[in-house]
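Step one of this worksheet: look at the structure below.
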Amino acid sequence: DTAVSQTPKYLVTQMGNDKSIKCEQNLGHDTMYWYKQDSKKFLKIMFSYNNKELIINETVPNRFSPKSPDKAHLNLHINSLELGDSAVYFCASSRTGRTEAFFGQGTRLTVV
Amino acid sequence: EDQVTQSPEALRLQEGESSSLNCSYTVSGLRGLFWYRQDPGKGPEFLFTLYSAGEEKEKERLKATLTKKESFLHITAPKPEDSATYLCAVQGKVEAGGTSYGKLTFGQGTILTVHP
């Protein structure tokens with residue numbers, strides 16, 4: 001029933017580790033996004049994929065690597081985690097064009 | 001670069017006390033302005049899309065309006081369940097491979113608290 005689902009919801013890990021966050025949407029959308037929400041609640045786009053192709057890459061460190069195996073999935077892999085990576089990461093999807101994006105429930109990443 | 005500024009940062013209202021939230025924006029080629037509601041621990045929930053100046057949208061106690069430089073979210077006779085963070089976002093244009101795509105830029109949000 002869930003439109004955009006992310007796993008896991010919480011992720012606590014040590015500095016230097018590598019971790020992945022998975023996202024799936026069942027809305028039939030062709031564009032998917034990753035957003036980062038920092039401690040001040042500011043939501044900023046990281047990546048956007050359209051039909052499995054990278055469209056937007058907003059000056060994100062190359063430790064972050066998105067992967068889209070198909071239109072319904074967009075995963076985020078993070079290498080060599082740093083303290084500053086601690087944030088809430090949101091996946092979203094939309095139809096191409098001037099349409100609203102629908103968001104997942106977020107993954108709270110804490111790097112210790 | 002697209003920019004969105006929301007004010008106030010926080011707003012406390014008594015139940016039934018109407019007020020407005022402001023969203024000022026600069027964007028090259030506005031494709032749409034979006035209002036979202038975000039509850040603690042959850043993802044943003046879509047409320048409205050506005051496409052052109054003069055447009056208005058309503059949903060229950062909320063009404064969104066749009067001018068060429070700003071948008072307002074009017075809350076009429078709010079209830080405690082309206083308490084949330086309200087986010088404004090503009091969709092600008094990104095060209096890639098000869099095709100135009102949308103890119104959302106968010107404001108920092110307004111934290112609304114409605115006391116019974």
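The values are calculated or read from the model by the stated rules, or taken from the named source; none is laboratory data. Quick caveat, the model's predicted, so the values are computed rather than measured. All Cβ positions, even for glycine, are placed from backbone atoms using ideal geometry, and neighbour counts span all protein chains on display. Each accessible area value is taken on the protein alone, full model and side chains, heavy atoms only, with ligands, DNA and RNA left out. Shrake-Rupley method; radii C 1.70, N 1.55, O 1.52, S 1.80 Å.
Being open to solvent by less than 60 Å² (accessible area, probe 1.4 Å), over 15 Å from the mean Cα position of the chain (by Cα) and either more than 20 Å from A:Gly104 (Cα to Cα) or modelled with pLDDT of 95 or more (or both) is a description that does not apply to B:Val4.
For region B:26-55: of the residues being within 8 Å of chain A (Cβ to nearest Cβ), touching a residue at least 24 places away in the same chain (Cβ under 8 Å) and not in a strand (DSSP E or B), which is most open to solvent (accessible area, probe 1.4 Å)? By that ranking, first place goes to B:Arg31.
A quick yes/no check of all residues on (1) open to solvent by 30 Å² or more (accessible area, probe 1.4 Å); (2) basic (Lys, Arg); (3) within 14 Å of chain B (Cβ to nearest Cβ):
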position	(1), (2), (3)
A:Met32	no, no, yes
A:Lys36	yes, yes, yes
A:Ser80	yes, no, no
A:Thr99	no, no, yes
A:Phe102	yes, no, yes
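Of the residues that make up region B:79-96, is at least one modelled with pLDDT of 95 or more, more than 29 Å from A:Thr7 (Cβ to Cβ) and in a loop (DSSP other than H, G, I, E, B)? Within region B:79-96 (the criterion being modelled with pLDDT of 95 or more, more than 29 Å from A:Thr7 (Cβ to Cβ) and in a loop (DSSP other than H, G, I, E, B)), the answer is yes, since at least one residue qualifies. Just one of the numbered conditions (1) hydroxyl-bearing (Ser, Thr, Tyr); (2) touching a strand residue (DSSP E or B) at 6+ places or on another chain (Cβ under 7 Å); (3) under 24 Å from B:Tyr86 (Cα atoms); (4) surrounded by fewer than 20 Cβ atoms within 10 Å (Cβ to Cβ) is not true of A:Ser68: (3). The single residue among A:Gly28, A:Gly106, A:Gly84 that is buried (at least 19 other Cβ atoms within 10 Å of the Cβ), farther than 21 Å from B:Lys93 by Cβ and among the small types (Gly, Ala, Ser) turns out to be A:Gly106. The combined condition, being open to solvent by 10 Å² or more (accessible area, probe 1.4 Å), closer than 24 Å to B:Tyr36 by Cβ, in a strand (DSSP E or B) and within 10 Å of chain B (Cβ to nearest Cβ), is not fulfilled by A:Lys22. Total residues in region B:57-78 satisfying the condition of being of a type in the set (D, E, K, R), without any contact (Cβ under 8 Å) to a residue 40 or more places away in the chain and part of a strand (DSSP E or B): the figure is 4. Filtered by the rule that a residue be more than 14 Å from chain A (Cβ to nearest Cβ) and open to solvent by 60 Å² or more (accessible area, probe 1.4 Å), region B:73-113 gives B:Thr76, B:Lys79, B:Glu81.
Taking region A:38-57 as the range and being of a type outside the set (S, T, N, Q), at the interface with another protein chain (Cβ under 10 Å from one of its Cβ atoms) and surrounded by 14 or more Cβ atoms within 10 Å (Cβ to Cβ) as the test, the residues that pass are A:Lys41, A:Phe42, A:Leu43, A:Lys44, A:Ile45, A:Ile55, A:Ile56. Listed by first and then second residue, the pairs linking a residue in region A:85-98 that is at pLDDT 85 or above to a residue that is open to solvent by 10 Å² or more (accessible area, probe 1.4 Å) and among the acidic types (Asp, Glu), with Cβ atoms under 8 Å apart and 6 or more places separating them unless they lie on different chains, are A:Ala87/A:Asp38; A:Ser94/A:Glu100; A:Arg95/A:Asp30.
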